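*Asks:* Take a look at this one; I'll ask things after.
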Amino acid sequence: MATGKYYEGIGRRKAAVARVRLFAGSGGFTVNDKPMAQYFPVGAWANQVLNPLRVTQNESRFMVSVKVAGGGIAGQAEAVSLGLARALLAADEKFKSALRKANLLTRDAREKERKKPGLKRARKAKQYTKR
C-alpha cells in the first residue's frame, strides 16, 4: 500500500460505493487489496474501470488503490469508474473537458424501485379477471 499525498474520489452506482485513491507512481491498480484483473475478470468490466485513465492518457502515471463495497460486480465497476474520474479531476482540472465529453463524470442515479404492498413486485399487480 502506498503512503503519502494522494487524490481521492468517491463513486456510487446502485448499491455500490467505491473510494478511489490516486498516488503518484508508475501504474499498478488494486481493488480491495487484489489486482484489478483478478477482481474484475471480465474484459467489459475492466474496460469500464480503466476508461477514465485511457481518456486522459494517464494509464502509467498513477498508482490506483480502490476500496469498493455493496451491490453487484457490474455496479461496482461503474462506481469505480466514476470515482476514478472524480479523482483524476481532483488531480488536474485540465481533464474535465475530456472526461465530460466521454460522459464519465455523470452519476447514473437509477436505483432499484421498492416493492409496494398489495403488488407482486414494484409495479406488477395481479391480473384483472372480469368474471
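Conditions tested, residue by residue: (1) over 27 Å from residue 111 (Cα atoms); (2) buried (at least 19 other Cβ atoms within 10 Å of the Cβ); (3) of a type in the set (S, T, N, Q).
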residue: 11; (1), (2), (3): no, yes, no
residue: 28; (1), (2), (3): yes, no, no
residue: 40; (1), (2), (3): no, yes, no
residue: 44; (1), (2), (3): no, no, no
residue: 66; (1), (2), (3): no, yes, no
residue: 76; (1), (2), (3): no, yes, yes
residue: 79; (1), (2), (3): no, yes, no
residue: 99; (1), (2), (3): no, yes, no
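Here's the yes/no breakdown for (1) over 15 Å from residue 9 (Cβ atoms); (2) of a type in the set (Ser, Thr, Tyr); (3) touching a His at 6+ places or on another chain (Cβ under 7 Å); (4) modelled with pLDDT of 95 or more:
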| position | (1), (2), (3), (4) |
| --- | --- |
| 53 | no, no, no, no |
| 56 | no, yes, no, no |
| 59 | yes, no, no, no |
| 67 | no, no, no, yes |
| 76 | no, no, no, yes |
| 80 | no, no, no, yes |
| 85 | no, no, no, yes |
| 91 | no, no, no, no |
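*Asks:* If a residue has to be in contact (Cβ under 8 Å) with a residue 60 or more places away in the chain and not polar (S, T, N, Q) to count, how many in the stretch 45-66 make the cut?
*Replies:* Filtering the stretch 45-66 for residues in contact (Cβ under 8 Å) with a residue 60 or more places away in the chain gives 63, 65.
Of the ones still in play, those that are also not polar (S, T, N, Q) are 63.
So the answer is 1.
*Asks:* If you go through the stretch 17-25 one residue at a time, do you hit one that is under 19 Å from residue 108 (Cβ atoms), under 16 Å from the mean Cα position of the chain (by Cα) and among the charged types (D, E, K, R)? Before the answer, list the steps.
*Replies:* Taking the stretch 17-25 as the starting set, the residues that turn out to be under 19 Å from residue 108 (Cβ atoms) are 17-20.
In the following step, the residues that additionally are under 16 Å from the mean Cα position of the chain (by Cα) were identified as 17-20.
So of that shortlist, the ones also among the charged types (D, E, K, R) come out as 19.
Yes: the stretch 17-25 contains one or more residues that are under 19 Å from residue 108 (Cβ atoms), under 16 Å from the mean Cα position of the chain (by Cα) and among the charged types (D, E, K, R).
*Asks:* Right, next: Would you point out which residue out of 106, 129 is of a type in the set (Val, Ile, Thr) and either closer than 22 Å to residue 19 by Cβ or in contact with a His (Cβ under 8 Å, 6 or more places away or on another chain) (or both)? Show your work before the answer.
*Replies:* On the way: 129 fails: either closer than 22 Å to residue 19 by Cβ or in contact with a His (Cβ under 8 Å, 6 or more places away or on another chain) (or both).
From the options 106, 129, the qualifying one is 106.
The values are calculated or read from the model by the stated rules, or taken from the named source; none is laboratory data. All values reported here derive from a predicted model rather than from experimental measurement. A quick note on method: Cβ atoms are made from the backbone with ideal geometry, for glycine too, and the neighbour counts reach across all protein chains shown.
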